[in-house]
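Colleague: Next up is a structure, given as structure tokens.
Any read-out appearing in this document is the output of simple, stated calculations on the displayed coordinates, not a laboratory observation. Since this is a predicted model, take the numbers as computed values, not measurements. FYI the Cβ positions are ideal-geometry reconstructions off the backbone, even for glycines, and counts take in every protein chain you see.
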2 protein chains.
Amino acid sequence: MSELPAVLRACDAVGRVIEFWGFSRHLGRIWTLLYLSPEPLPAAEIQRQLAVSAGAASMHLRELQRWGVVRKVWVPGERKDFYEAETDLWKMVFRVMQERETKLLDETEAALQQSVEQLRSEAAQQASSDPDTAASLEAFRTERLEGLLEFTRLGRMVLGMLVQDGGFDLRAIESLLFGPGLPGSDASAEDR
Amino acid sequence: MSELPAVLRACDAVGRVIEFWGFSRHLGRIWTLLYLSPEPLPAAEIQRQLAVSAGAASMHLRELQRWGVVRKVWVPGERKDFYEAETDLWKMVFRVMQERETKLLDETEAALQQSVEQLRSEAAQQASSDPDTAASLEAFRTERLEGLLEFTRLGRMVLGMLVQDGGFDLRAIESLLFGPGLPGSDASAEDR
DNA sequence: CGTGACCTTCAAAAGATTTTGAATGTTCAC
DNA sequence: GTGAACATTCAAAATCTTTTGAAGGTCACG
């Protein structure tokens, strides 16, 4: 039968998600293979199952460890290294989001902030030739940039909410969505 | 002076964010240029300011329109097309998230679901050779896959929260984060 | 120590993506 | 209608990314 085995299908599914989020597809595939293994696996097994070269396996395993989502473990009596997946999905998402998105937000906010300041000085320089136009253009653009900056703040907030160390509670979101006082919902109808 | 002008700096900053989210950098740059313009701009102006070719400008403007974040507008007495940016940032994020992430979630959930089912039939086939091992492996993997499936549900929830048409309220998140009853926070200590 | 098994590195090749601009459509003012 | 101006397409070229595998390093064991 030429059908893709269940495990590989899952690996590829997660791989696609991970690729979507800007990482290499293989990071997701390798992590998933380990996550679906009751025992830690050696690099050779990963190479074989996922059809990646030795070099690629080595590099990807390193990156997964860097992100703290895969660990190297010792298997007594065995010479080679074995790897196992971090299984706390929240912890993983926390860590990765924290690092990646925070960096992006910081850089973006800084650039936009600088842009606002620069706008002021550029307007001052041009004020001599056409004061009114220059001033109103500056005002317009500053206002719009403030809109973008407001958005970075919002991003920080959503991030903070998700990343809130372990304390994040599904029910909190649920109540936001369908929560108390939602018009048209009968509070006791379903408790699921 | 060789310093990058304020507007282009902002364009690039947004471009980086957009690239991070899996789109072409230029989509963000072009949108931002339009967003920071009091008047609609013709394609030629975009080409000039952002240093992209005619072909690229055309294709990118088309994609931006497809996502509903840029509009073509008529300027009376002018031959060429002019473009303006959608300015409702929420609306944009809604639309894009809705389309992109929903698709990803659907596909992922379907694949994982299929993987679970396949697991069952694979285990049935191997049951003849080593019943106990096969059964416990299946149980283990099914459990883990359920963990992933649970996560897609969570993703849907977060998405639903963000995308909730226009009704999304910052204060709701704020209160979740720093809200009433937060242990260790003095409600009146800082209002920033 | 020497040996063999394993792991890592890295430069070159393959592959994917982006960019270009000339050719081809399309549109509107006249 | 016609023509000039503009927009679009698309295949080739340039660029960026990923993948490979052989060379070299490391390590545990005898």
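Colleague: In this model, which of B:LYS72/B:LYS103; A:LYS103/B:LYS80; A:LYS80/B:LYS103 are farther than 32 Å apart at the alpha-carbon?
Modeller: A:LYS103/B:LYS80; A:LYS80/B:LYS103
Colleague: Another question, then. Once the label point is placed 7 Å from Cα along Cβ, list for A:PRO76 the distances to the corresponding points in the other copies, in nm, shortest first.
Modeller: Once sorted, the set of distances for A:PRO76 reads 8.9 nm.
Colleague: Between segment A:5-54 and segment B:35-56, how far is it from one alpha carbon centroid to the other, in angstrom?
Modeller: When both Cα centres are located, 43 Å separates them.
Colleague: Restricting attention to segment B:1-76, which GluC sites (Glu not before Pro) occupy a DSSP loop and are surrounded by at most 11 other Cβ atoms within 10 Å?
Modeller: B:GLU3
Colleague: Sticking with this one: A:TRP74 versus A:THR102, label points 7 Å from Cα toward the beta carbon: distance in nm?
Modeller: 3.2 nm
Colleague: Run the paramagnetic zone check for B:ALA139: 7 angstrom along Cα to Cβ, then residues of segment A:14-42 with backbone nitrogen under 18 Å.
Modeller: A:36-39
Colleague: For A:GLN114, place a label point 7 Å from Cα along the Cα-to-Cβ direction in every copy; what are the distances to the other copies, in nm, shortest first?
Modeller: 4.7
Colleague: Okay, moving on. Treating the Cα atoms of segment A:1-93 as identical point scatterers in vacuum, please give the log10 of the normalised Debye intensity I(q)/I(0) at q = 0.15, 0.17 Å⁻¹, two decimals.
Modeller: -0.54, -0.69
Colleague: With N denoting the number of residues in segment B:50-121, provide Rg(C-alpha) divided by 2.2 N^0.38 Å, to two decimal places.
Modeller: Relative to the rule-of-thumb radius for its length, segment B:50-121 sits at 1.76.
Colleague: Shortest first and in nm to one decimal, what separations exist between B:LEU89 and its copies in the other chains, measuring from label points 7 Å along the Cα-to-beta-carbon line?
Modeller: Spacings between copies for this position, smallest first, are 3.0 nm.
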